[in-house]
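The values are calculated or read from the model by the stated rules, or taken from the named source; none is laboratory data. Keep in mind that what you see is a predicted model, and the values were worked out from it rather than measured. FYI the Cβ positions are ideal-geometry reconstructions off the backbone, even for glycines, and counts take in every protein chain you see.
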Amino acid sequence: MGAKNVAYREAFEKKFSEANRAEHLSLIKGAYKYYIKNDVRDALAFGAISLVNKYLQVAKLPKEEDAMFVAALYLVSRHPFSFANHTSKQEFAEQFGIKATSLDWYSENITEKLGFIRIYDYRHFPYYIDPEGIINSVILSVVRLTVEELMVRTVLGVETFNEDEAVDGIVDRLIDRLKIVPNVFKPEIRRLVSEYMGKEVKKYI
């Protein structure tokens, strides 16, 4: 490791320590060791560590550290593009030797605390969207810009605002053109777009 990288690491660790409890940093390092020990792929491991970090900023220290680590990994592993992912919570818990009830509690608590968006496939298996991630940011942006344009066009008398048609158009753009999530989630994205559309329209009423 070069001198510059060491300096960066020391600076980042100092800043992290100043902003968080010592136990917080210890848990982050513990999560990393846990994922290495269990041969978790880097992409999933670092995504889960980032999630653990966010969770610890808004939650109490966990009573079951391993269960929290596995719950974070479970949520990250159930990104919409992991479809078709039909591993149950029971099966996932068994892979890591923890109780399914513990996995269920921590995954639900992380979802609630961080506002993760849950969508389902045709077999009602859940997938999760980070509210601060790219998928949700793009959906929000497209909805906001579409509503702004439609409101202007409506005011100018160019067309009549039709919310259902607007929602359908946005969903087609997101799924068919931008391919933001697999097509199987089209009904779920329509539900989400409709919810966001309603909130945006209220700003103009």
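Conditions tested, residue by residue: (1) of a type outside the set (Ser, Thr, Tyr); (2) surrounded by 13 or more Cβ atoms within 10 Å (Cβ to Cβ); (3) not assigned by TED's automatic domain parsing to the domain that holds residue 187.
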| site | (1), (2), (3) |
| --- | --- |
| 82 | no, yes, yes |
| 85 | yes, yes, yes |
| 93 | yes, yes, yes |
| 96 | yes, yes, yes |
| 102 | no, yes, yes |
| 124 | yes, no, yes |
| 141 | no, no, no |
| 149 | yes, no, no |
| 153 | yes, yes, no |
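Looking for something among the charged types (D, E, K, R), part of a helix (DSSP H, G or I), assigned by TED's automatic domain parsing to the domain that holds residue 105 and loosely packed, with under 15 Cβ neighbours inside 10 Å - is there at least one such residue anywhere in region 36-47? Walk me through how you get there before you give the answer.
Here is the first cut: in region 36-47, the residues among the charged types (D, E, K, R) are 37, 39, 41-42.
Next cut, part of a helix (DSSP H, G or I) only: 37, 42.
If we keep only those that are assigned by TED's automatic domain parsing to the domain that holds residue 105 as well, we get 37, 42.
With loosely packed, with under 15 Cβ neighbours inside 10 Å added as a condition, the list becomes 37, 42.
Yes.
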